[in-house]
1. Being within 30 Å of residue 55 (Cβ to Cβ) and surrounded by 12 or more Cβ atoms within 10 Å (Cβ to Cβ) is the filter here; which residues of segment 1-29 pass it?
2. Can you spot a residue in segment 56-67 that is touching a residue at least 12 places away in the same chain (Cβ under 8 Å) and assigned to a helix (DSSP H, G or I)?
3. In this structure, does residue 10 turn out to be in contact (Cβ under 8 Å) with a residue 24 or more places away in the chain and in a loop (DSSP other than H, G, I, E, B)?
C-alpha cells in the first residue's frame, strides 16, 4: 500500500507518515513537542490518575528545589517585574468586579488568578449548601475574608430552617 504525503498540523510542511497512517505531525522536534504538549494537556484534563501523578511529581520536585524560584527571580528581574505588573492588573480587575456588584470572580474567570489551576482541581468539599462563618484573627491580606465552611445537614435545607451544623 502506497503511503501518501500529508501536511504537518504544526509547520505545514509535507511529510510521509512512517508508522501511523493517521499521523498528523512530521518528525521535526518542534512539531513533536507540540504534539506531546497537546497530548499532555488532554491527558491532564481527562485522566484524574495522570493529573494526580503529575501533581505529586511536582510536589516532590518543589521539595527538592526549595530555592529555585527565589534564585530565578533574583537572576531574571524582567520576569519579576512582568509578573508584578500582571498581578496588579489581576487585582484591579478583581476589585472592579466586586465594586460593580458582580461579586468575586468564579472559576470561569480563572484568567484573573495567577494560579488558575487551583480553581479547577477537585475539591475536598462536596457540592451543596454551606454556611459561611467569619473567623477573626491574623489576616495577611486585608482584602481577604477568612471563613469556616460547615456542611448544613440535608434535613435542615427545607424551609430555610437554621440548626446545629456539622463541620468538615
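What follows draws every value from the coordinates through simple rules; no lab data is involved. Keep in mind that what you see is a predicted model, and the values were worked out from it rather than measured. Neighbour counts are summed over all protein chains in view; Cβ atoms, including those assigned to glycine, are modelled from backbone coordinates with ideal geometry.
1. Hits for segment 1-29 are 9, 10, 24, 25.
2. Among the residues of segment 56-67, not one is touching a residue at least 12 places away in the same chain (Cβ under 8 Å) and assigned to a helix (DSSP H, G or I), which makes the answer no.
3. yes
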